[in-house]
Structure formats: structure tokens, C-alpha cells
Amino acid sequence: MAVALSVVVVAHDMNRELPRTLRSLRADYQRGVEPDEYELIVVDNGSPAPINEESVAGAGVRSRVARHLPPERSTWGSSWPRGS
């Protein structure tokens, strides 16, 4: 099944903020949407300490993490969404 929505979160050195952001995107925080209807793509934009992939997987929806290093920051993740 194709996803209806791809949520892309771009993060750089957000060890404190990212867990709260991901928690707000968890399937059990959403209304009117099923977990298989959306995906979460987290782009680690060259953080000194890589994002913990297990914390992203804990969102309860399809999720992926990509570690991206500069200088191609601007639109790199835009080709990742899988929806139609």
C-alpha cells in the first residue's frame, strides 16, 4: 500500500529536541490516520553524533533514517517520499 503522506524531518545536532519531535509524530498521537497511511523520514544533516535509528523506529510508523553530509543539504531528501 502506498503511503498517503511522507513526513520529512531534517535534523542537525538536535539531541535534546528530536525525541520530542518524534514523539509528537507517533502513530498514537494522530487522529484520523492509520499508522500504515504515513511514513516518517528523518534526515540527519551532518550531526556530530549520528541520530539513534532505534528512537526513530519507535514511532510506530514506517520510518527511515538517512545520514547526509554537507554540502548537498538543500533538496537532498525530496526524492525519498514514496506516496503517489
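The values are calculated or read from the model by the stated rules, or taken from the named source; none is laboratory data. Since the structure is predicted, the reported quantities are computational estimates derived from the model, not experimental observations. As a convention, Cβ positions derive from the backbone with ideal geometry for all residues, glycine included, and neighbour counts pool all protein chains shown.
Listed values, structure above:
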| read-out | value |
| --- | --- |
| Leading residue by the ranking (modelled with the highest pLDDT) among those in the range 26-40 that are assigned to a helix (DSSP H, G or I) and surrounded by 15 or more Cβ atoms within 10 Å (Cβ to Cβ) | Glu37 |
| Pick from the range 7-25, criterion touching a Gly at 6+ places or on another chain (Cβ under 8 Å) and surrounded by fewer than 17 Cβ atoms within 10 Å (Cβ to Cβ), ranking: farthest from Gly46 (Cα to Cα) | Val8 |
| Tally, over the range 41-60, of residues that are acidic (Asp, Glu) and part of a helix (DSSP H, G or I) | 2 |
| From the options Ser6, Ser47, residue that is of a type in the set (S, T, N, Q), in contact with a Lys or Arg (Cβ under 9 Å, 6 or more places away or on another chain) and modelled with pLDDT of 90 or more | Ser6 |
| The range 50-83, subset out of contact with any helix residue (DSSP H, G or I) (no Cβ under 8 Å at 6 or more places or on another chain) and among the hydrophobic types (A, V, I, L, M, F, W, C), residue modelled with the lowest pLDDT | Trp76 |
| Residue that is farthest from Leu69 (Cα to Cα) [pool: residues in the range 1-25 that are aliphatic (A, V, I, L, M) and part of a strand (DSSP E or B)] | Leu5 |
